[in-house]
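Q: There's a structure below that I have some questions on.
The values are calculated or read from the model by the stated rules, or taken from the named source; none is laboratory data. If you're wondering where the values come from, they're calculated on a predicted model, not measured in any experiment. Every residue, glycine as well, gets a Cβ built from its backbone with ideal geometry; the counts of neighbours run over all protein chains shown. Just so you know, the surface numbers come from the protein's heavy atoms only, side chains and all, with ligands and any DNA or RNA stripped out. Shrake-Rupley method; radii C 1.70, N 1.55, O 1.52, S 1.80 Å.
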Amino acid sequence: MSAAALDDTSAYAPAPAAQGIAGDAASPAAISRLSKSLAGVRSVKAQRKGLELLKLSLAAIRVNDFDRATQRALDSLKLDETNGLAWHVLAICQEKQNRFGPAIHAYEAALQLLPDHTDIAHDLGRLAQRLGYLDISEKLLLKFLAANPGHIEATNNLACVMRDQNRYADAIETLRPLLQIEADSSVLWNTLGTVLNDQGRLDEALTFFEEALRLDPTFAKARYNRANVRRPLGDVAGAIEDMEAALPGAENGYEVAMMNMARALMLMGEARIPEAFEAYEVRLDPNLPDAMHVAVEAPRWDPKTEDIRGKRVLVVGEQGIADELVFANCLNDIIEAVGPEGQVYLAVEARMVGLFQRGFPRAIVGGHKAVRLEGRLTRYVPFAEELEQKLDCWVPIASLMAVYRPTLESFPGPGQVIVPDPDKVAYWRGELAKLPEGLKVGLHWKSLVMTGARAAFFAAGFQRWEPILTTPGCVMVNLQCGDVSEDLAAAEAAGVFIWTPPINLKDDLEDVAALSVACDVVLGPGIAGTNIAAASGARTWMVAAPDDWHLMTTDHYVFYPDVKIFVRGAVDGWPEVIDRMRAALDRVVAGGWNAA
């Protein structure tokens, strides 16, 4: 997993990416094509056994027995490792079992042995898109389309790749000519809707999803996508109804998990707890490419059957920094539950260890590491491996919510989650005092991950923040991590002074937390930086999407009750919400914090 992905968060992202990818390597039509390919092979005696094994493998795929299918394909390859069809069949089996690394290897072997079999390129292109290898996916799909011009699925999937690269105009132009010919294709209308959805044009996207459903009322992907735009547009009941209706039509394990994930976020937004937190367990479903696997030699704690008192339990942070901070509100509960005779160990992002240790002195805090093995995210906890006594059990940090937060009233009140170093806070207050007079406003303006729908979810374009940057009586402090040199240069050219502290804003999180507390206010969208500020007890103003589940039907973030929330509109809402923040800053400058 990339450092950027670790810094940002799944909990604050839009609902799982709207689906447009079409086709399935193990669909009946695909397996039928493979069967015909086998029938066309000249069956000399030496090949006969291998072919029979592949036929048995295809028969097992038809009934979703992928273990048996895999074994028969491997048996065929033992007889002839240069059999491209056997590699293709094996690749399909591995993909269906979420063994992404071996699947890619097998597809590549099949394509090398059978370069003219463009179906292999299409299958591999689909898998590459699903795993985020967009450049590779585009090349493979173009290879397939060169041999199969006008192919609906491949053209559709190419548009999806362009969409995921934020190449929205290219995606639309890829779809447009085929839509003029295939105007009754619900698949193409659905994908056009996903392109507009990613741009934040939700009302227009809704039109195209409804057209897809008019053409095919049973089209589960379009119904799922319509659910994801109806909720931010205010139709909560319709969104949940659509999501429930879409689930039975999910085509594979990935779609089932993806739709259940979106449903869980909707339930959390409606404060249907603890049901929603129990549904959120789907985030660990191995059918999701980013599902976390934890490499710990201990059983997972089952709160329904096991009393935790007196146990040595490891709580493992998951997803991104903001998620770890949000779900940390249950840590005191489990520390109390194990009691003085037990011990809670906490694994968090390594850059946050000191902050968490001061926040939870009764826990033993260490860092975790995340790597991808064969396409699967695996989280290691090195410090737990060095403990003198064995762990009794472990638990993902978000899974504590279903145990300790059964109602909105069970959430804790205002207070720090993590504790910055007091000496660092004092140091940064001194540094800020050297700046020109005025409110010191810590500023975040974008996520490190700006692919797909995230580009619209967060304010796309630094120029949108101009009303904030030019607030009289305020001094802007850059807290935005990543390379923002172009943004800062543009501000300087416009005569706007933004002070950047001499630290690494991505890695020096102890200083980021302390500087946030030293500022008069920190503002921005719900990303890692604003969560660090809120969790540290800094005065924080946060922009929330209209369907941000953290509000849970209230007018505040239930995880950070002191945070001031500015909810933006679903359609072109950024200019208006930034104007409101500017007006609030003006009131503070004129009349103090009570005027905000």
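Q: Of all residues in region 427-436, count the ones that are touching a residue at least 24 places away in the same chain (Cβ under 8 Å) and over 19 Å from Leu488 (Cβ atoms).
A: Total satisfying the criteria: 3.
Q: Return the residue satisfying two criteria in turn: it lies in region 225-275 and is of a type in the set (Asp, Glu) and at pLDDT below 90, and of such residues it is farthest from Thr553 (Cα to Cα).
A: Narrowing region 225-275 to residues of a type in the set (Asp, Glu): 235, 241-242, 244, 251, 255, 270, 275.
Checking the rest, the ones that are also at pLDDT below 90 come to 251, 255.
On the way: Glu251: 32, Glu255: 27 Å.
Out of the qualifying residues, it is Glu251.
Q: Is it the case that region 426-440 has a residue that's open to solvent by less than 60 Å² (accessible area, probe 1.4 Å), farther than 22 Å from Asp562 by Cβ, part of a helix (DSSP H, G or I) and modelled with pLDDT of 95 or more?
A: Filtering region 426-440 for residues open to solvent by less than 60 Å² (accessible area, probe 1.4 Å) gives 428, 430-432, 435, 438-440.
From what's left, farther than 22 Å from Asp562 by Cβ: 430-431, 435, 438.
Filter once more, so that each one left must be part of a helix (DSSP H, G or I): 430-431.
Next cut, modelled with pLDDT of 95 or more only: 430-431.
Within region 426-440, one or more residues are open to solvent by less than 60 Å² (accessible area, probe 1.4 Å), farther than 22 Å from Asp562 by Cβ, part of a helix (DSSP H, G or I) and modelled with pLDDT of 95 or more.
Q: Let me spell it out: the conditions are (1) over 30 Å from Ala91 (Cα atoms); (2) under 28 Å from the mean Cα position of the chain (by Cα); (3) among the β-branched types (Val, Ile, Thr), and Ile335 meets all of them except one. Which number is the exception?
A: Here Ile335 meets the rest and fails (2).
Q: Can you tell me how many residues within region 158-207 are charged (D, E, K, R) and in a helix (DSSP H, G or I)?
A: The total comes to 8.
Q: Can Leu213 be described as within 17 Å of Val187 (Cβ to Cβ), touching a residue at least 24 places away in the same chain (Cβ under 8 Å) and of a type in the set (A, V, I, L, M)?
A: Yes, satisfied.
Q: Taking the conditions exactly as written (touching a helix residue (DSSP H, G or I) at 6+ places or on another chain (Cβ under 9 Å), among the β-branched types (Val, Ile, Thr) and open to solvent by less than 10 Å² (accessible area, probe 1.4 Å)), does Ile364 satisfy them or not?
A: No: the conditions fail for Ile364.
Q: Looking at region 206-239, which of the residues that are among the β-branched types (Val, Ile, Thr) and open to solvent by 20 Å² or more (accessible area, probe 1.4 Å) is nearest to Gln165 (Cα to Cα)?
A: Thr207
Q: Tell me the helices (runs of 4 or more DSSP H) entirely within region 464-554 that contain at least 2 residues that are touching a residue at least 40 places away in the same chain (Cβ under 8 Å).
A: Because the criterion is at least 2 residues that are touching a residue at least 40 places away in the same chain (Cβ under 8 Å), the helices (runs of 4 or more DSSP H) in region 464-554 that meet it are 466-469, 509-518, 528-536.
Q: Oh, and also: Of the conditions (1) in a helix (DSSP H, G or I); (2) in contact (Cβ under 8 Å) with a residue 24 or more places away in the chain, Leu314 clears all except one; give me its number.
A: Single failed check for Leu314: (1).
Residues checked against (1) open to solvent by less than 20 Å² (accessible area, probe 1.4 Å); (2) under 21 Å from the mean Cα position of the chain (by Cα); (3) basic (Lys, Arg):
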| site | (1), (2), (3) |
| --- | --- |
| Asp511 | no, no, no |
| Thr530 | yes, yes, no |
| Met542 | yes, yes, no |
| Asp555 | no, no, no |
| Pro575 | no, no, no |
| Ala584 | yes, no, no |
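Q: Identify, by number, the condition in (1) free of Cβ contacts under 8 Å to residues at least 24 places away in the same chain; (2) open to solvent by 40 Å² or more (accessible area, probe 1.4 Å); (3) within 21 Å of the chain's Cα centre (by Cα) that Met243 doesn't meet.
A: Among (1) free of Cβ contacts under 8 Å to residues at least 24 places away in the same chain; (2) open to solvent by 40 Å² or more (accessible area, probe 1.4 Å); (3) within 21 Å of the chain's Cα centre (by Cα), Met243 violates only (2).
Q: Out of the residues in region 194-205 meeting the condition of being open to solvent by less than 40 Å² (accessible area, probe 1.4 Å) and not polar (S, T, N, Q), tell me which one is farthest from Val229 (Cα to Cα). Spell out the reasoning first.
A: Initially, region 194-205 is screened for residues open to solvent by less than 40 Å² (accessible area, probe 1.4 Å), giving 194-198, 200, 202, 205.
Now narrow it down to the ones that are not polar (S, T, N, Q): 195-196, 198, 200, 202, 205.
Details: Val195: 12, Leu196: 11, Asp198: 10, Gly200: 10, Leu202: 6, Ala205: 8 Å.
Across region 194-205, the extreme among qualifying residues is Val195.
Q: From the list Tyr345, Tyr280, exactly one residue is among the hydroxyl-bearing types (Ser, Thr, Tyr) and surrounded by fewer than 21 Cβ atoms within 10 Å (Cβ to Cβ). Which is it?
A: Tyr345
Q: Pairs under 6 Å by beta carbon, first residue touching a residue at least 12 places away in the same chain (Cβ under 8 Å) in region 579-596, partner open to solvent by 70 Å² or more (accessible area, probe 1.4 Å) and part of a helix (DSSP H, G or I), six or more apart or different chains?
A: These pairs meet every condition: Ala596/Arg587.
Q: If you don't mind, there's one more thing I want to ask. Which condition does Asp170 not pass, out of (1) within 25 Å of the chain's Cα centre (by Cα); (2) open to solvent by less than 60 Å² (accessible area, probe 1.4 Å), if it passes all the others?
A: So Asp170 meets the others, but not (2).
Q: Output the residues belonging to region 470-502 that are at pLDDT 90 or above and open to solvent by less than 20 Å² (accessible area, probe 1.4 Å).
A: Thr471, Val475, Met476, Val477, Asn478, Leu479, Gln480, Pro501 - these are the residues of region 470-502 that are at pLDDT 90 or above and open to solvent by less than 20 Å² (accessible area, probe 1.4 Å).
Matching residues to (1) touching a strand residue (DSSP E or B) at 6+ places or on another chain (Cβ under 8 Å); (2) among the charged types (D, E, K, R):
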residue	(1), (2)
Asp511	no, yes
Leu523	yes, no
Lys564	yes, yes
Arg587	no, yes
Asn594	no, no
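Q: For Val326, state whether it is over 19 Å from Gly529 (Cβ atoms) and buried (at least 23 other Cβ atoms within 10 Å of the Cβ). Walk me through it before giving the result.
A: Values: over 19 Å from Gly529 (Cβ atoms): no; buried (at least 23 other Cβ atoms within 10 Å of the Cβ): yes.
Taking the combined requirement at face value, the residue does not satisfy it.
Q: In region 369-405, how many are assigned to a loop (DSSP other than H, G, I, E, B), open to solvent by 10 Å² or more (accessible area, probe 1.4 Å) and either of a type in the set (Gly, Ala, Ser) or within 19 Å of Ile321 (Cβ to Cβ) (or both)?
A: Initially, region 369-405 is screened for residues assigned to a loop (DSSP other than H, G, I, E, B), giving 374-375, 381, 386-392, 405.
Narrowing the set further to residues that are open to solvent by 10 Å² or more (accessible area, probe 1.4 Å) leaves 374-375, 386-392.
Imposing the further condition that a residue be either of a type in the set (Gly, Ala, Ser) or within 19 Å of Ile321 (Cβ to Cβ) (or both) reduces the set to 375.
Here the count works out to 1.
Q: Which condition number does Leu408 fail, the rest of (1) more than 30 Å from Glu270 (Cα to Cα); (2) open to solvent by 20 Å² or more (accessible area, probe 1.4 Å) being met?
A: Unmet condition: (1).
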